[in-house]
């Protein structure tokens, strides 16, 4: 049964519009409402090598898409990316269905994905639907939002409440729609759930502390445990090949190391003729004479390391290179995650 215990405190740093006095509730004039945040910095999951165990933790599927906040207020909706960019027009179906829920005011936290035939999230398909980085800004009308948290509802800031309390209210607030669904919480053993997720070919799982409030940033209340590692690296250059798809034999990748960059290997799988051709056109405008890091390799095309690429990989070799790497796509500026940092 849903718990209706409401608290008005705030958990975590929040980017707000100018502070104003709480406005009155139109239905109950004597009840003062919490100001609705203009934007909330998201709570981020900390990478963990294994899932935690015990009744203090709840588990969900880790979705592979774009993190979004859905702001609903007085008959209008805004869809903000993790970086605070307004992408309402790029997710028209989600925006429409958010209004159809009939909420006076709310902030939903979730992940927009495109599903493959198995029902698993496909990051590459989502990126193609959005037009790709640097390409035409398209609308992903077929995207689905998996909502996993509720930060504000009908004039009340819910972030100081526990995850269990917020989830109860989320279940009551979100009614089934074609493009907005609840990311189901599973009452399972973390290790067994991770094993099942990996067997099904999913990216991994998320573990969350049941009693924790919503805290912005990467504080450890949320953990991500991956079946296949996936991180963001910078493209240093590419090896041209007349026989390869789109003319790119492999991409050379870099990670941050202190204030500099370090070479972490190359990737040649995951590219299609279409994505490789589009990527080569973008790289053509970034060419430089010498590599940004010390690499002894002839016949390469070196570029200014500004394009962030999402790379899946199975681990690291003894000499510090990515093992079994596969290209997933470029990250949009609006959704750019931290470039992977090596230990100093």
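Within this structure, residue 80 fails the test of being part of a helix (DSSP H, G or I), touching a residue at least 12 places away in the same chain (Cβ under 8 Å) and surrounded by fewer than 22 Cβ atoms within 10 Å (Cβ to Cβ).
So how many residues does the stretch 272-290 have that are farther than 22 Å from residue 332 by Cα and part of a strand (DSSP E or B)? Reasoning before the result, please.
Within the stretch 272-290, the subset farther than 22 Å from residue 332 by Cα is 288-290.
So of that shortlist, the ones also part of a strand (DSSP E or B) come out as 288.
Residues meeting the conditions: 1.
Close contacts from the stretch 294-305, counting a first residue that is within 10 Å of residue 263 (Cβ to Cβ) and a second that is buried (at least 17 other Cβ atoms within 10 Å of the Cβ) and modelled with pLDDT of 90 or more, with Cβ to Cβ under 6 Å and a gap of 6+ residues or different chains, come to 295/263.
The number of residues in the stretch 189-227 being surrounded by fewer than 16 Cβ atoms within 10 Å (Cβ to Cβ), touching a residue at least 40 places away in the same chain (Cβ under 8 Å) and out of contact with any strand residue (DSSP E or B) (no Cβ under 6 Å at 6 or more places or on another chain) comes to 7. For the stretch 216-271, name all the residues that are part of a strand (DSSP E or B), at positive phi and within 20 Å of the chain's Cα centre (by Cα). Answer for the stretch 216-271, where residues must be part of a strand (DSSP E or B), at positive phi and within 20 Å of the chain's Cα centre (by Cα): just 217.
Out of the strands (runs of 3 or more DSSP E) lying entirely within the stretch 98-215, which hold 3 or more residues that are closer than 28 Å to residue 33 by Cα, assigned by TED's automatic domain parsing to the domain that holds residue 71 and at pLDDT 90 or above? Explain how you work it out, then say what you get.
Values: elements: 105-113, 144-153, 180-182, 204-209.
In the stretch 98-215, the matching strands (runs of 3 or more DSSP E) lie at 105-113, 144-153, 180-182.
All of (1) assigned to a loop (DSSP other than H, G, I, E, B); (2) free of Cβ contacts under 8 Å to residues at least 40 places away in the same chain; (3) surrounded by 17 or more Cβ atoms within 10 Å (Cβ to Cβ) hold for residue 54 with one exception: (3).
Scanning the stretch 301-329 for residues that are at pLDDT 95 or above and farther than 27 Å from residue 130 by Cβ returns a single hit, 302.
The values are calculated or read from the model by the stated rules, or taken from the named source; none is laboratory data. Just so it is clear, the structure is predicted and the values come from calculations on it, not from any experiment. All Cβ positions, even for glycine, are placed from backbone atoms using ideal geometry, and neighbour counts span all protein chains on display.
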